[in-house]
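The values are calculated or read from the model by the stated rules, or taken from the named source; none is laboratory data. Bear in mind the structure is a predicted one, so any value in this text is a computation, not a measurement. Here the Cβ is made from the backbone with ideal geometry for all residues, glycine too, and neighbour counts use every protein chain on show. Each accessible area value is taken on the protein alone, full model and side chains, heavy atoms only, with ligands, DNA and RNA left out. Shrake-Rupley method; radii C 1.70, N 1.55, O 1.52, S 1.80 Å.
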Amino acid sequence: MIIRSKSFENNGMIPKKHTGFGEDKSPEFMINDIPDGVVSLAIIMDDLDVPFRSSFTHWLIWNIPKTDIIPEGLPGKEKLEKPFKAIQGNAWGKHIYRGPKQPFFIKKEHRYVFCVYALDCMLNLDGAAGKKELVAVMQGHVLSEARLVGRYRRN
């Protein structure tokens, strides 16, 4: 399985419109070579370069019906109805995509990884869940996964 974005290449710079310094819109994703038997997709977005932590979760979304296009700018709410039904979990204390927005004292470039998981089921998990709960409930249901890394530096 392969994940790509029209907004940035793997290891490329994330455009400002997908950050907290811009419109904070989720990027569009194209997913190719989804294996047979996939029922749903989940995405976890983490900042890999947060000081004093192994990562910081920016976005959680699951129960995305099998699709090869995830459009830009998904609405910010726990239960999505359009463009498809899905659940956005508790990341940053919100049920919304939150792009890069480093504090003023962080000057170094950060890497943001978008991990897409192809699952053999819909998950029985409500939007109050965080990353730990999502990862636990996905155990044994992941058929494939793909990663896309974007970089961002506060100017």
From the set of residues in the stretch 16-73 that are touching a helix residue (DSSP H, G or I) at 6+ places or on another chain (Cβ under 8 Å) and of a type in the set (A, V, I, L, M), which is nearest to ASN90 (Cα to Cα)? LEU60
Looking at this structure, is TYR97 within 16 Å of ILE3 (Cα to Cα) and either touching a strand residue (DSSP E or B) at 6+ places or on another chain (Cβ under 8 Å) or among the basic types (Lys, Arg) (or both)? no
Checked the stretch 15-49 for anything open to solvent by 30 Å² or more (accessible area, probe 1.4 Å) and of a type in the set (A, V, I, L, M); matches are ILE34, VAL39, LEU48
Wholly within the stretch 1-47, which strands (runs of 3 or more DSSP E) include no fewer than the required count, namely at least 1 residues that are touching a His at 6+ places or on another chain (Cβ under 7 Å) and under 22 Å from ALA129 (Cβ atoms)? 40-47
So, of the residues in the stretch 1-14 that are hydrophobic (A, V, I, L, M, F, W, C) and within 14 Å of the chain's Cα centre (by Cα), which turns out to be surrounded by the most Cβ atoms within 10 Å (Cβ to Cβ)? ILE14
I'd like to check which strands (runs of 3 or more DSSP E) are fully inside the stretch 53-155 and have at least 1 residues that are in contact (Cβ under 8 Å) with a residue 24 or more places away in the chain and open to solvent by 90 Å² or more (accessible area, probe 1.4 Å). 110-119, 142-152
In the stretch 114-138, which residues are among the aromatic types (Phe, Trp, Tyr) and closer than 20 Å to LYS94 by Cα? PHE114
